[in-house]
Structures are given as C-alpha cells and as structure tokens.
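Data block below; observations after.
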Amino acid sequence: MSDIDYKPQMDKIIELQNKSFAQYFSYLRTITPIATGMLGLLVALKPDHIQNKIALYLFLISILLLGIGILASALTQFYEVTFLRQSHLAEKSMLKELLDNKDSKKGVHRELPKPIIYTISELVTFSCLSLAIISLIAYVFFVELDIKPIK
C-alpha cells in the first residue's frame, strides 16, 4: 500500500482529535462560570455568624478551594490559546519542510506535547473543585444537623 492510502484514516484521526479538544475546552468554559457563581452565592448568602467552629472552617476551606479552582481553571483554559498557537507554528513548519523538499509528498501530523504547567493546573482545577463540593457537603451537615465535635 502506498502512503496515499493512509491519508483518509489519518484525516479521520486528526478530525476526531480536534473534536475531542473542542469538547474538552467547551467543558472547561462551562465549569468556570458555575464555580464562580457558586463562590458568589456562598459569599453573598453567608450567615452573619457560624457558631460551630468546624462548620466555619469547612466554609472557609470551601471558599478557598473554589477560589483556587477558579484560578487554576482560568490557567487551564489559557492552554487553548497556547495549543492553537503551537498547532499553527507546527503546521507552518511542516509546510515549510514540504516546500523545501518537493520530492517528498507526505506530510506528517505531529503530536504537540502539553506543557507541564497546564497539566498541573488541570489537576489542581478538578481536585480543588471536587474537594470544595465535599467540603460544602460536610459544612451543611455540621450547620444543619448541628453535629457537635467529638471532645
């Protein structure tokens, strides 16, 4: 089989990868406003006084985790800009190679490595937002059920 026979399969793989990235970035653009809204509601509707110390700490931890999660989410979303810029430069480089070497008829699609900072920010985003939800659930138990700490 010649290299041309593989082109439709390669195009399909690239198309699926692009759709996957689009869905991933769409998901990130959805969770950030939700977390921001949740943070705003918690701050705006905070009771004047929380008598249970554990509940107070859980509330503060929730606010802190939501804030960190939102910041990390914004950084993770910036990866979309970086990825598109890297893709553009990689395509230009590949086109230049093809033009310089006219005998070669094949173009190679290159996987772009994800910078470690974005991998870490992605992990921080999902960890902080998940822990914030768990912390809020625990906060509700301590406030609403009036659970007293074990002495």
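The values are calculated or read from the model by the stated rules, or taken from the named source; none is laboratory data. If you're wondering where the values come from, they're calculated on a predicted model, not measured in any experiment. Positions of Cβ are backbone-derived with ideal geometry, glycine not excepted, and every protein chain shown enters the neighbour counts.
Annotation note: Cβ proximity below 9 Å between a residue of the stretch 82-93 that is within 21 Å of Ser121 (Cα to Cα) and a residue that is surrounded by 14 or more Cβ atoms within 10 Å (Cβ to Cβ) (sequence gap 6+ or interchain) occurs for Thr82/Tyr118; Phe83/Phe21; Phe83/Phe25; Phe83/Tyr118.
Just to be sure, is Asp48 acidic (Asp, Glu), assigned to a helix (DSSP H, G or I) and either modelled with pLDDT under 90 or surrounded by 12 or more Cβ atoms within 10 Å (Cβ to Cβ) (or both)? Let's see the steps before the verdict.
On the way: acidic (Asp, Glu): yes; assigned to a helix (DSSP H, G or I): no; either modelled with pLDDT under 90 or surrounded by 12 or more Cβ atoms within 10 Å (Cβ to Cβ) (or both): yes.
No.
Set side by side, the residues Thr30, Thr36, Thr76 differ, and just one is closer than 18 Å to Ser121 by Cα, surrounded by fewer than 16 Cβ atoms within 10 Å (Cβ to Cβ), out of contact with any Cys (no Cβ under 9 Å at 6 or more places or on another chain) and hydroxyl-bearing (Ser, Thr, Tyr), which is Thr30.
Conditions tested, residue by residue: (1) over 14 Å from the mean Cα position of the chain (by Cα); (2) over 18 Å from Tyr139 (Cα atoms).
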{"site": "Tyr6", "(1), (2)": "yes, yes"}
{"site": "Gln9", "(1), (2)": "yes, yes"}
{"site": "Leu16", "(1), (2)": "yes, yes"}
{"site": "Phe21", "(1), (2)": "no, yes"}
{"site": "Phe25", "(1), (2)": "no, yes"}
{"site": "Arg29", "(1), (2)": "no, yes"}
{"site": "Met38", "(1), (2)": "yes, no"}
{"site": "Leu42", "(1), (2)": "yes, no"}
{"site": "Asp48", "(1), (2)": "yes, no"}
